[in-house]
Amino acid sequence: MIIILWNVVTVVIISLILTILLILAEYFFANYGDCKITINNKKEIIVKGGGNLLSALAENKVFIPSACGGRGSCGFCKVKVLDGGGPLLPTEKPYLNDSEIKDNVRLSCQIKIRQDISINIPEELFNIKKFKAKIIEIINYTYDIKGVTFKLIEPDYIEFKAGQYMQLEAPGYAKSKQSVSRAYSISSIPEQHNTIQLIIRKVPEGICTTWVHEYMKEGDIVNLTGPFGDFYIRDTDADMIFIAGGSGKAPIKSMLEYLDNNKSKRKMTYFFGARTKKDLYLTEYMQEFEKSLEDFTYVPILSAPEDNDDWSGKKGYIPTYIKDYLRDSANTEAYLCGSPGMIAAVEKELIALKIPKEKIYYDSFG
Amino acid sequence: MKLDPFEQKIIDKMQPGVLSLSGFLGKDNRHLHEIIEDDFNKLKSLNKTQEDIADRLSFFTDKSKDMIEDYIIIDDKYQVFQEVYRGLVLCPFNHKGTFKKAIIKLINIEKNIEIQWTPLNIHMIKEHCFFEGKGSHYRFEPEIIINAIF
């Protein structure tokens, strides 16, 4: 009995000693103290060392794009490191090409902050903010597309270009225990600085879109981050062609509202592709622009109208109709939003119609 | 069967709500190794490889990607429609890179068989012989897929 007791006491004492040693080791070897992050040689932030660069920047309201939440599996969170950052890790190499490696581009989620570090990021990332917002309106546009309007609470002011997108954070719910963020184009006018609308199509098995379509309610408070993206209207007097279907209408709606508000006199045509009549939405709204804008034509085209659709409009493949609306190919800009395949196919057709490649702009879904 | 930490990470990523709403294992009680091995043996008995299937699915995926809200008929026999959504999908097996968020639906008009898959499915079939667990949203039995696409 005494022997058993003695053994127990010995084990407890050894465990205590080991625990104390671990605590001391962590304090002395893992405590990196305060570290300075210098961004673009102008902004400096002081952080506690030990965490990763992506998180440290986000905590200081500098948001680097990431599709995987910092888990090192998307390769989006690239920054150029000017000084510090430690050696390139094997976990980063698969996401970097030779030129990037030579240029010291790194994945910010993989850089552990152990010392001062100096980085370069695109200037537009400074405009990205995290917003707390309230859902004030949910509209069912079609059986699988909703328009959701958010009133910004903190901060309550946003600046963005028509064509950009936001990351919406869906909270944990039902089967999905952790929050996820997904990107959706802004569909409202940039001049409205305290509310934004997103158009969201339900994705089968989608975590965020299932929450939007089945759980989200007016009055809910959510987080939004943005604005992101380089799809925007070029400030010229060139004619404009828009091509987008489904939820790709979102950035185009924002662009048209902007152009309308600014009384643009440019010649514009929007080709909206859908399968059947039930996939059409905001048709009357687009037709209103035909009255308010000096030279705008809305062209919905159904690829497979059903018999009972009673559709007398255009049918088939969008590119076959473009030439009928072209005035001066050399002075035409095209704005496309959709899948990479659709964009590549349409771009080829537009180039064949002599629209300059450098005047074709797109927002690709993938 | 005890899992090593790497395998456990994969299983964790396959759970509902992590990378997709319902996850990748469905209602399957088998171990991940068993799911893969059973499907591998099934393919062997049907004289097909995972590469055969993945390459054929890739063929249909590639043929349908240029369409704008429309299906394409291939070889007068296959009606294929590809729906693409904004965003990217990650592989639960921790492979690098991302996969297009798309759903490809195929109808074999002659045999009246309909199946669907995602670009991630093609990758998981080719690299891991993983068709997802039974009861999972995008699982089709290998024999049904083979019957539909060949």
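A compact table of results
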item	result
GluC sites (Glu not before Pro) restricted to the stretch A:202-260 and DSSP loop, no more than 15 other C-beta within 10 Å	A:Glu218
Added length on full extension, which subtracts the Cα-Cα distance from 0.36 nm per residue, A:Ser179 to A:Asp307	41.8 nm
Shape of the stretch A:223-366, Cα gyration tensor, a/c cut at 1.5	rounded
Accessible carbon and sulfur surface of the stretch B:1-75 relative to its total accessible area, %, 1.4 Å	51 percent
HN-Hα J in Hz across the stretch B:77-94 - Karplus 6.51, -1.76, 1.60, θ = phi - 60°, x for Gly and Pro	9, 10, 9, 10, 10, 10, 10, 10, 10, 5, x, 9, 10, 9, 8, x, 7, 6
Distance in nm between pseudo-label sites at A:Leu82 and B:Lys44 (7 Å out along the Cβ direction from Cα)	5.9 nm
Delta accessible area of at least 10 Å² on complex formation, residues of the stretch B:32-72, 1.4 Å probe, chain isolated as reference	B:Lys65, B:Asp66, B:Met67, B:Ile68, B:Glu69, B:Asp70, B:Tyr71
Approximate spin-label separation A:Ile14-A:Glu214, in nm, with each point projected 7 Å along Cα-to-Cβ	5.3 nm
Cα gyration tensor shape of the stretch B:1-79, rounded if a/c is under 1.5, else prolate or oblate by comparing a/b with b/c	oblate
Convex hull volume per residue in cubic angstrom - Cα atoms of chain B	112 Å³
Whole-angstrom Cα spans of the protein assembly as shown along principal axes, big to small	96, 65, 48
Euclidean distance between Cα centres, the stretch B:34-48 to the stretch A:277-340, Å	48 Å
Between the stretch B:76-136 and the stretch A:75-140, the alpha-carbon center distance in angstrom	30 Å
Additional length obtainable on full extension of the chain from A:Ala330 to A:Asn41, 0.36 nm per residue less Cα span	99.9 nm
Per-pair calculated FRET efficiency, R0 = 45 Å: A:Tyr157 and B:Ile74 via Cβ, rounded to 0.05	0.30
Area hidden from solvent between B and A (accessible, protein heavy atoms only, 1.4 Å, total, Å²)	3200 Å²
Point-to-point label distance, B:Asp62-A:Ser99, nm (Cα→Cβ direction, 7 Å offset)	2.6 nm
Per DSSP, loop GluC sites (Glu not before Pro) in the stretch A:70-164 with at most 11 further Cβ within 10 Å	A:Glu159
Partner chain coverage, peptide B:89-98 - average Cβ within 10 angstrom	4
Sorted peptide list for A:354-361, A:70-77, criterion being average Cβ within 10 angstrom, highest first	A:70-77, A:354-361
DSSP H segments from chain A that extend 24 Å or more along their own axis, Cα-based, with Kyte-Doolittle mean of 0.0 or above	A:2-29
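The values are calculated or read from the model by the stated rules, or taken from the named source; none is laboratory data. Computed from a prediction, not measured in an experiment: that's the story for all the values here. Neighbour counts run over all protein chains shown; Cβ positions are idealised from the backbone, glycine included. For the accessible areas, the whole protein counts, side chains as well, though only heavy atoms, and no ligand, DNA or RNA atoms are used. Shrake-Rupley method; radii C 1.70, N 1.55, O 1.52, S 1.80 Å.
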